[in-house]
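Student: Quick one: this structure, given as structure tokens, is what I'll be asking you about.
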Amino acid sequence: MTIKLSGGEIVARALADEGVRFAFGIPGTHNIELYDALGESPTVRPVLVTDEQSASFMADGVWRASGSVGCVNVVPGAGLTHALSGIAEAFMDNVPLLVLGCGIRQDFQKSFQLHDVDQLAIAAPVTKAAFRVDRGAELYPEIRRACQLARSGAPGPVMVEVPVNLYLQRHEVDPAAWTAPVPVPPPLPDAPDIDSAVRLLEADGVRPLLYLGLGAAGAGADLVALAERLEAPVATTFQGKGVFPESHPLFLWNGFGDAAPPFAREVARTRTATLAIGCRFSEVGTGSYGMAPPRPLIHVDIEPAVLGRNFPTDLGVEADAGAFVRALLPSLSARAVEPQVRAAIRDGHATVWKEWLSPVGRGSRVTPAYLLRELQQAFGPDTIYASDSGNGTFLAMECLRLERPGKFLAPVDYSCMGYSVPAALGAKLARPDCPVVALAGDGAFLMTGLELLTAANQGIAAAVFVLRDGELAQIAQFQQTALNRKTASVLPDYDVGTIAAGLGVESLHLRSDAEVPKVLGEVRECLGRGEPVVVDTAIDYSRKTFFTAGVVKTNLLRFSWPERLRFIGRALKRKVLG
């Protein structure tokens, strides 16, 4: 039986049937019919943001925290270009998004329409697909097809442009005929690939290293069984943090090259093969390619284009990670526990923590490792952490110990500043049962901190720690190390408390290690009342992360000797001459 529905009603129904719970954006003249329909939806919640960049970060946080697709709902032109940074972050980090872009009228050919730019051309480089719907009857199936495409294979954002005339008009449709698209099955490993992997892993003298990315998350607990069967130390990418429980005695580090601590590098050097699953060996995760995977290298990924792209593989396998691990396990012989390897890992972690905590109580600012350890103890293992581009991400990556995926949200391969606050709000909306903490640098907070207004308005009880050192810390450290001066990386001072008060959010001050227990208790009280809270944190960045030190070393060694001497000599000269 056919009925007439507006384009907005059809799209709202498609979103609901797809399981999309949130549509983030700012309404405009082109999509008010859609917003009107969303206002009637019992399951899809329109969320007003202060800037469309935050809309895409929030939708990103929804998926990373919950596994459900978030929707970026933007007006033509400026709405899309404002959101583009977050869309590109999702594209680089393999996060599925539905980018619901409204378009100009297509039912009459007039030039110079409001917001008229070629949106599909703009979106094409940072989406898996970008297409326009031309007929009202196609709205429902095309929205659902876009969501499936975003989730399938290597995930990523997909843009659908809906011309405004389709929203304004009613269309004759038959809802009884609406169905979900047929799922695309993931690629399964071939038996010869499994046999080849077993031969490489069980050859005489082979002692493998496991390197896991977020793509391995689907293997779940089988990853623990695999590591124990191989007696293999486990390193992960940044995105893969938590896919392997980091309390396990075989957990090595998030990385294993020059950007890792000495014990992790030493353990990795003793391995004679690498099994890499669900990763791309990207620049950030490898510390600027400052690692050499022990050979032979077996590389498994759902996206064939990444196999052998940055490091030569001895066996490349296009397959779903979970299917590969399940097929591999029965064919592997169990190995004896290597006490000396486990002891090296245990003692290495203990040494790192002793070094990290040695300044506690001695300085006038907050020791990062101490704060992050106390945060984990205060809020528990279900807490979701959203970090920001730069030092906050590297500190959180190194200091947090996570037991499962979906707890560490970070802008990694696109490394877009301003991510943490809106991503944390999206995560909290998607997972209201979990405590959510944003770790925002003071420069990043200036970009999207106004979303605290959204938190207050929507009742999103997230905690935002503004890590303040008065600089764009990561860049300032690079500048100081390589150039012995900082240019345009020192921030003007501002008052977090005044900003928070103007947005209707409670603020706290955290000035030293001694105040950490008391302030964390006050944060818990705020969150327990269902209120957001911001903490102005005087962070001590005097100790470089292993990542920062390793990347500086790796890049310096890439230069010829004359260029190295030029860099070193310039820095020394400036230091001597002041």
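The values are calculated or read from the model by the stated rules, or taken from the named source; none is laboratory data. Everything quoted here is computed from the prediction, not taken from an experiment. In this analysis, Cβ positions are derived from the backbone assuming ideal geometry, glycine residues included, and neighbour counts consider all displayed protein chains.
Student: Do we have any residue at all in segment 90-107 that's touching a residue at least 12 places away in the same chain (Cβ under 8 Å), assigned to a helix (DSSP H, G or I) and crowded, with 24+ Cβ neighbours inside 10 Å?
Tutor: Yes, some residue in segment 90-107 is touching a residue at least 12 places away in the same chain (Cβ under 8 Å), assigned to a helix (DSSP H, G or I) and crowded, with 24+ Cβ neighbours inside 10 Å.
Student: Within the bounds of segment 439-449, is there any residue that is under 16 Å from the mean Cα position of the chain (by Cα) and under 26 Å from Ala216 (Cβ atoms)?
Tutor: Taking every residue of segment 439-449 in turn, at least one turns out to be under 16 Å from the mean Cα position of the chain (by Cα) and under 26 Å from Ala216 (Cβ atoms).
Student: A further question on this structure: In segment 490-542, which residues are closer than 23 Å to Asp433 by Cα and either charged (D, E, K, R) or not assigned by TED's automatic domain parsing to the domain that holds Glu374 (or both)?
Tutor: Within segment 490-542, Glu506, Glu522, Arg524, Glu525, Arg529, Glu531 meet the criteria.
Residues are listed down the side, and each one gets a yes or a no for (1) in contact (Cβ under 8 Å) with a residue 24 or more places away in the chain; (2) under 19 Å from Glu303 (Cβ atoms); (3) surrounded by 18 or more Cβ atoms within 10 Å (Cβ to Cβ):
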position: Ala137; (1), (2), (3): yes, no, no
position: Tyr140; (1), (2), (3): yes, no, yes
position: Arg145; (1), (2), (3): yes, no, yes
position: Gly153; (1), (2), (3): yes, yes, no
position: Pro157; (1), (2), (3): yes, yes, yes
position: Glu161; (1), (2), (3): yes, no, yes
position: Asn165; (1), (2), (3): yes, no, no
position: Arg170; (1), (2), (3): yes, no, no
position: Pro183; (1), (2), (3): yes, yes, no
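Student: Turning to a different aspect of this structure: Checking His299 against (1) assigned to a strand (DSSP E or B); (2) within 27 Å of Trp353 (Cα to Cα); (3) not β-branched (Val, Ile, Thr): exactly one of these is not met. Which one?
Tutor: (2)
Student: Identify the residue in segment 46-72 that is farther than 15 Å from Asn94 by Cα, β-branched (Val, Ile, Thr) and touching a strand residue (DSSP E or B) at 6+ places or on another chain (Cβ under 6 Å) and, among all such residues, is surrounded by the fewest Cβ atoms within 10 Å (Cβ to Cβ).
Tutor: Among those residues, the one meeting the criterion is Val47.
Student: In segment 423-447, which residues are closer than 15 Å to Val533 by Cα and buried (at least 24 other Cβ atoms within 10 Å of the Cβ)?
Tutor: Ala424, Leu425, Lys428, Val436, Val437, Ala438, Leu439, Ala440, Phe445
Student: Can you pull out the residues in segment 197-245 that are of a type in the set (Phe, Trp, Tyr) and either in a helix (DSSP H, G or I) or assigned by TED's automatic domain parsing to the domain that holds Val412 (or both)?
Tutor: none
Student: Quick one: which of Ala378, Ala350 is free of Cβ contacts under 8 Å to residues at least 12 places away in the same chain, surrounded by fewer than 18 Cβ atoms within 10 Å (Cβ to Cβ), small (Gly, Ala, Ser) and assigned to a helix (DSSP H, G or I)?
Tutor: After ruling out the rest, the residue left standing is Ala350.
Student: Could you check Lys518 against (1) within 21 Å of Ala369 (Cβ to Cβ); (2) at pLDDT below 80 and say which number it fails?
Tutor: Only one criterion is unmet by Lys518, namely (2).
Student: Let me ask another. Return the pairs, sorted by first residue and then second, in which the second residue is outside any helix (DSSP H, G or I) and among the hydroxyl-bearing types (Ser, Thr, Tyr), the first residue lies in segment 53-67 and is touching a residue at least 60 places away in the same chain (Cβ under 8 Å) and closer than 17 Å to Ala462 by Cα, the beta carbons are less than 6 Å apart, and the residues are 6+ apart or on different chains.
Tutor: Note: pairs meeting the criteria are Phe57/Tyr419.
Student: Restricting to segment 1-24, and then to whatever is within 19 Å of Ser66 (Cβ to Cβ) and not aliphatic (A, V, I, L, M), can you tell me which residue is surrounded by the fewest Cβ atoms within 10 Å (Cβ to Cβ)?
Tutor: It comes out as Gly19.
Yes/no matrix, rows are residues, columns are (1) more than 24 Å from Gly25 (Cβ to Cβ); (2) in contact with a His (Cβ under 6 Å, 6 or more places away or on another chain); (3) modelled with pLDDT of 95 or more:
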{"position": "Leu446", "(1), (2), (3)": "no, no, yes"}
{"position": "Ala455", "(1), (2), (3)": "no, no, yes"}
{"position": "Ala462", "(1), (2), (3)": "no, no, yes"}
{"position": "Gln480", "(1), (2), (3)": "yes, no, no"}
{"position": "Asn484", "(1), (2), (3)": "yes, no, no"}
{"position": "Leu491", "(1), (2), (3)": "yes, no, no"}
{"position": "Val505", "(1), (2), (3)": "no, no, yes"}
{"position": "Arg529", "(1), (2), (3)": "yes, no, yes"}
{"position": "Pro532", "(1), (2), (3)": "no, no, yes"}
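Student: Could you check Leu371 against (1) in contact with a strand residue (DSSP E or B) (Cβ under 8 Å, 6 or more places away or on another chain); (2) closer than 26 Å to Gly86 by Cβ and say which number it fails?
Tutor: Failed condition: (2).
Student: Right, next: Only residues that are assigned to a loop (DSSP other than H, G, I, E, B) and under 24 Å from Pro435 (Cα atoms): list them for segment 52-81, please.
Tutor: Gly67, Ser68, Val69
Student: Which residue is surrounded by the most Cβ atoms within 10 Å (Cβ to Cβ), if the candidates are limited to segment 524-544 and must be in contact (Cβ under 8 Å) with a residue 40 or more places away in the chain and of a type in the set (Asp, Glu)?
Tutor: In this case the residue turns out to be Asp536.
Student: I'd like to check something: does segment 199-209 contain any residue that is touching a Gly at 6+ places or on another chain (Cβ under 9 Å) and either touching a residue at least 60 places away in the same chain (Cβ under 8 Å) or farther than 14 Å from Ile10 by Cβ (or both)?
Tutor: No.
Student: Checking Ala344 against (1) part of a helix (DSSP H, G or I); (2) under 30 Å from Val464 (Cβ atoms); (3) of a type outside the set (Asp, Glu), which test does it fail?
Tutor: The single condition Ala344 does not satisfy is (2).
Student: Checking Leu577 against (1) surrounded by fewer than 18 Cβ atoms within 10 Å (Cβ to Cβ); (2) hydrophobic (A, V, I, L, M, F, W, C); (3) outside the structural domain of Leu400 (by TED's automatic domain parsing); (4) in contact with a helix residue (DSSP H, G or I) (Cβ under 7 Å, 6 or more places away or on another chain): exactly one of these is not met. Which one?
Tutor: Of everything listed in (1) surrounded by fewer than 18 Cβ atoms within 10 Å (Cβ to Cβ); (2) hydrophobic (A, V, I, L, M, F, W, C); (3) outside the structural domain of Leu400 (by TED's automatic domain parsing); (4) in contact with a helix residue (DSSP H, G or I) (Cβ under 7 Å, 6 or more places away or on another chain), Leu577 misses just condition (4).
Student: Kindly state which strands (runs of 3 or more DSSP E) lie completely within segment 116-191 and contain at least 1 residues that are modelled with pLDDT under 95 and closer than 19 Å to Ile104 by Cα.
Tutor: Per the criteria, 170-173.
Student: Right, Val341: over 30 Å from Ala538 (Cβ atoms), surrounded by 16 or more Cβ atoms within 10 Å (Cβ to Cβ) and in contact (Cβ under 8 Å) with a residue 40 or more places away in the chain or not?
Tutor: yes
Student: Here is a further query. Among the residues of segment 310-336, what is the count of those that are exposed (fewer than 12 other Cβ atoms within 10 Å of the Cβ) and touching a residue at least 60 places away in the same chain (Cβ under 8 Å)?
Tutor: 3
Student: Hey, could you check segment 465-518 for residues that are of a type in the set (Val, Ile, Thr) and either outside any helix (DSSP H, G or I) or more than 28 Å from the chain's Cα centre (by Cα) (or both) and say which is surrounded by the most Cβ atoms within 10 Å (Cβ to Cβ)?
Tutor: So the residue we want is Val466.
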